[in-house]
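Trainee: The structure follows.
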Amino acid sequence: MDADFWLQRWQEGQIGFHRSDVMPVLEKHWPSLQLPAGSRVLVPLCGKSLDMHWLAAQGHRVLGVELSPLAVTQFFEEAGLTPVRTTSPYGEHFSAGPVEIILGDAFGLDPALLAEVAGVYDRAALIALPPDLRLRYRDTAYASLPTGCQGLLITLEYPQAEKAGPPFSVEQPEVEALFATPWRQELLERRDILDQEPRFREEGLSALATAVYHLTNGHL
């Protein structure tokens with residue numbers, strides 16, 4: 001799976017992963033991170049998620065990263081915002097108020113760019129990637145985050161043999177392996193959501209759960 005796959009999904013409007021509301025578990029669990037207002041929060045593979053508006057409303061400076069020009073354009077247009085556009089080695093930057101989105105590669109982030117990031121919100125990034133790219137993502141984007149950075153990670157769990165991803169099933173043992181030293185992870189919630197996701201039932205899934213983790217980079 002490469003960038004062309006996701007670019008085509010956006011071109012064709014196949015964006016069933018996009019929610020028309022804020023993720024309830026974000027509203028429920030984000031306060032547990034206790035990040036102060038003004039903290040910079042990374043949202044990788046952000047699409048046009050409304051969750052970024054919610055994070056901004058909590059007083060955070062939001063840094064999204066997205067490879068689809070359509071997603072970035074629609075995010076600002078649908079919010080009635082006209083972003084300021086600049087360029088850097090990381091890509092093209094679109095900024096309006098407390099939200100900045102880089103049209104670029106989430107694997108191309110580095111410690112210099114992310115030095116001030118205090119939090120990461122990962123709802124649709126890790127589960128969008130097959131196993132080999134999940135490792136690469138951990139070793140690039142997550143490895144570039146500073147010590148003390150905290151995160152909220154949301155995953156899906158289902159019998160992988162019953163459905164070809166994305167989104168992929170990422171179960172707790174893999175999360176624990178991916179985010180071992182220097183990371184720590186704490187399972188905050190796991191809930192059965194098959195009844196709330198008819199499109200997954202229609203694809204033949206016999207079980208579907210979502211899990212929410214609190215991540216910490218190093219020891220605070």
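Trainee: With n ≥ 4 as the cut-off for DSSP H runs, can you work out [θ] at 222 nm for the chain, using -39500 (n - 2.57) per run divided by the number of residues, rounded to the nearest 500?
Mentor: Counting only the DSSP helices, I get -6500 deg cm²/dmol.
Trainee: Grab the Cα-Cα distance for Ser95 and Ser32, subtract it from 0.36 nm times how many residues apart they are, and report the gain in nm with one decimal.
Mentor: Fully extending the segment from Ser95 to Ser32 adds 19.9 nm.
Trainee: When the label point is put 7 Å from the Cα of His53 along its Cα-to-beta-carbon vector, which residues of the range 70-101 have a backbone N closer than 12 Å?
Mentor: 75-81
Trainee: Using the reciprocal of the averaged 1/r over all distinct C-alpha pairs, how large is the Kirkwood radius of the range 45-88 in Å?
Mentor: Kirkwood radius, the range 45-88: 11.1 Å.
Trainee: Hey, what do the phi angles of the range 72-88 turn into as Karplus ³J(HN,Hα) couplings, whole Hz, using 6.51/-1.76/1.60 and θ = phi - 60°, x for Gly and Pro?
Mentor: 5, 4, 5, 4, 6, 4, 5, 9, x, 10, 10, x, 7, 10, 9, 10, 8
Trainee: Using the crude model of +1 on Lys and Arg Cβ and -1 on Asp and Glu Cβ, and no other charge, please compute the dipole size for the range 46-94 relative to its Cα centre, in debye to 20.
Mentor: For the range 46-94, the charge dipole is close to 120 debye.
Trainee: For Leu50, what residues show an amide H to amide H distance below 5 Å, using hydrogens built from the backbone and excluding near sequence neighbours?
Mentor: The answer is Arg19.
Trainee: Show me, for the range 131-139, the HN-Hα J-couplings you get by feeding each phi into the Karplus relation (A = 6.51, B = -1.76, C = 1.60, θ = phi - 60°), rounded to Hz, glycine and proline as x.
Mentor: Taking θ as phi minus 60°, the curve returns x, 5, 6, 5, 5, 5, 4, 4, 7 Hz for the range 131-139.
Trainee: Pick the calculated Rg and Dmax of the Cα atoms in Å for this structure from [x] 17.8, 52; [y] 16.5, 47; [z] 20.3, 65?
Mentor: [y]
Trainee: Let me ask another. When the expected Rg is taken as 2.2 N^0.38 Å, what fraction or multiple of it is the alpha-carbon Rg of the range 78-134?
Mentor: On the way: Rg = 13.3 Å, N = 57, 2.2 N^0.38 = 10.2 Å.
Normalised Rg, Cα atoms only: 1.30.
Trainee: Please report the net charge: other residues with Cβ closer than 12 Å to the Cβ of Ala141, K and R +1, D and E -1.
Mentor: After counting each charged neighbour, the total is -1.
Trainee: What are the extents of the Cα atoms of the range 94-220 along their three principal axes, listed from largest to smallest and rounded to whole Å?
Mentor: Taking the Cα atoms of the range 94-220, the three principal extents are 44, 33, 27 Å.
Trainee: When you count, for each residue, the other Cβ atoms within 10 Å and take the mean per peptide, how do 61-67, 166-172 rank with the highest first?
Mentor: Order by mean packing, descending: 61-67, 166-172.
Trainee: How large is ³J(HN,Hα), in whole Hz, for each residue of the range 170-182 in order, when computed from phi with the Karplus curve 6.51 cos²θ - 1.76 cosθ + 1.60 and θ = phi - 60°, using x for Gly and Pro?
Mentor: With coefficients 6.51, -1.76 and 1.60, one gets 10, 8, 4, x, 5, 4, 5, 6, 5, 10, 7, 2, x Hz.
Trainee: Just name one of Leu126, Tyr137, Ala115: the one whose Cα is farthest towards the positive end of the charge dipole of the range 106-147 (beta-carbon charges, Lys/Arg +1, Asp/Glu -1).
Mentor: Leu126
Trainee: Hey, another quick one. Can you bin the range 110-158 into rounded, prolate or oblate? Criterion: square roots of the alpha carbon gyration tensor eigenvalues sorted a ≥ b ≥ c, rounded for a/c under 1.5, prolate for a/b above b/c, oblate for the rest. Walk me through the numbers on the way to the answer.
Mentor: Values: a/c = 2.96, a/b = 1.56, b/c = 1.90.
Here the range 110-158 falls in the oblate category.
Trainee: Charges at C-beta only: +1 for Lys and Arg, -1 for Asp and Glu. How large is the resulting dipole of the chain about its Cα centre, in Debye rounded to 20?
Mentor: Details: 17 positive and 29 negative charges, 86 e Å.
Rounded to the nearest 20 debye, it is 420 debye.
Since every read-out is calculated from the coordinates, none of them should be taken as a lab result. The structure displayed is predicted, hence computed values, not measured ones. Backbone-built Cβ (ideal geometry, glycine too); neighbour counts: all protein chains shown.
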